[in-house]
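Novice: Please find one structure pasted underneath; my questions will follow.
The values are calculated or read from the model by the stated rules, or taken from the named source; none is laboratory data. What you see is a predicted model, and the numbers here were worked out from it, not measured in a lab. Neighbour counts are summed over all protein chains in view; Cβ atoms, including those assigned to glycine, are modelled from backbone coordinates with ideal geometry. Surface accessibility is based on the protein's heavy atoms, side chains included, excluding ligands, DNA and RNA. Shrake-Rupley method; radii C 1.70, N 1.55, O 1.52, S 1.80 Å.
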Amino acid sequence: MEGHALALLELDSIARGLLAVDAMAKKAVVEIVEARSVSPGRYLIRLRGGVGEVEAAYLEGKAVAGSTLLDEVFLPSPHANLLSLLEGEPVGVEWDAVAIVECFTSASAVAALDAACKAAAVTATRLELANQLGGKGWFFLSGSLEDLDAALEAAAAATTPGMLQQIERVARPHADLGEHF
């Protein structure tokens, strides 16, 4: 997927979400990876493709969403670690420290994860978006304490204002917790 852009729109209306994804598909040739209702009564649209095409579709989706748009992200060059997690590919890692970033929306979690991975030598090991989370998104990062601090600063800066809920860091996590991270 190198050279591909990624966009994610999160709306508070399922009906308007259907209208927006239709308009996006008609605006440009993109791959609609996800277009579905998520808890609590939101609509999530994720697409990928060439930078120009994704940007055109993304802007069209934002325009159609109007006041129902909760959050959004457009990444012309998403980090490979983010793409792996979105595709469900396993990410193995050894860590010195771990962190969790929790956002009120999936779009902010995606933006934060991308920024964190680009800012420092960290690895995102898990990403959870929307369903059974009240619409939230969260992810785990692993790396050295110094790298985690830089990554967490970038993650916080990348979230939409008001959409970052919590960031926590654990130095030298207990060995029995490895499978949970």
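Novice: If I ask for residues that are open to solvent by 60 Å² or more (accessible area, probe 1.4 Å) and either at pLDDT 95 or above or small (Gly, Ala, Ser) (or both), which ones from the stretch 89-103 would you list?
Specialist: 92
Novice: A further question on this structure: Just give me the residues in the stretch 52-79 being open to solvent by 60 Å² or more (accessible area, probe 1.4 Å) and farther than 27 Å from residue 134 by Cα, in sequence order.
Specialist: Within the stretch 52-79, 53, 55, 76, 77 meet the criteria.
Novice: Ok, one more. State whether the residues of the stretch 106-116 include one that is more than 20 Å from residue 10 (Cβ to Cβ) and either polar (S, T, N, Q) or open to solvent by 70 Å² or more (accessible area, probe 1.4 Å) (or both).
Specialist: The first filter runs over the stretch 106-116 and keeps only residues more than 20 Å from residue 10 (Cβ to Cβ), leaving none.
Within the stretch 106-116, none of the residues are more than 20 Å from residue 10 (Cβ to Cβ) and either polar (S, T, N, Q) or open to solvent by 70 Å² or more (accessible area, probe 1.4 Å) (or both).
Novice: Let me ask another. Of the residues that make up the stretch 25-39, is at least one over 25 Å from residue 85 (Cβ atoms) and of a type in the set (Asp, Glu)?
Specialist: No, that holds for no residue.
Novice: Check every one of the strands (runs of 3 or more DSSP E) wholly within the stretch 1-114 and list those with 1 or more residues that are within 30 Å of residue 146 (Cβ to Cβ).
Specialist: 5-11, 69-75, 97-103
Novice: Take the stretch 1-33 and flag every residue that is more than 17 Å from residue 62 (Cβ to Cβ) and of a type outside the set (A, V, I, L, M, F, W, C).
Specialist: Of everything in the stretch 1-33, those that are more than 17 Å from residue 62 (Cβ to Cβ) and of a type outside the set (A, V, I, L, M, F, W, C) turn out to be 2, 3, 4, 31.
Novice: While we're looking at this one, here's another question. Given the options 168, 153, name the one that is modelled with pLDDT of 90 or more and surrounded by 14 or more Cβ atoms within 10 Å (Cβ to Cβ).
Specialist: 153
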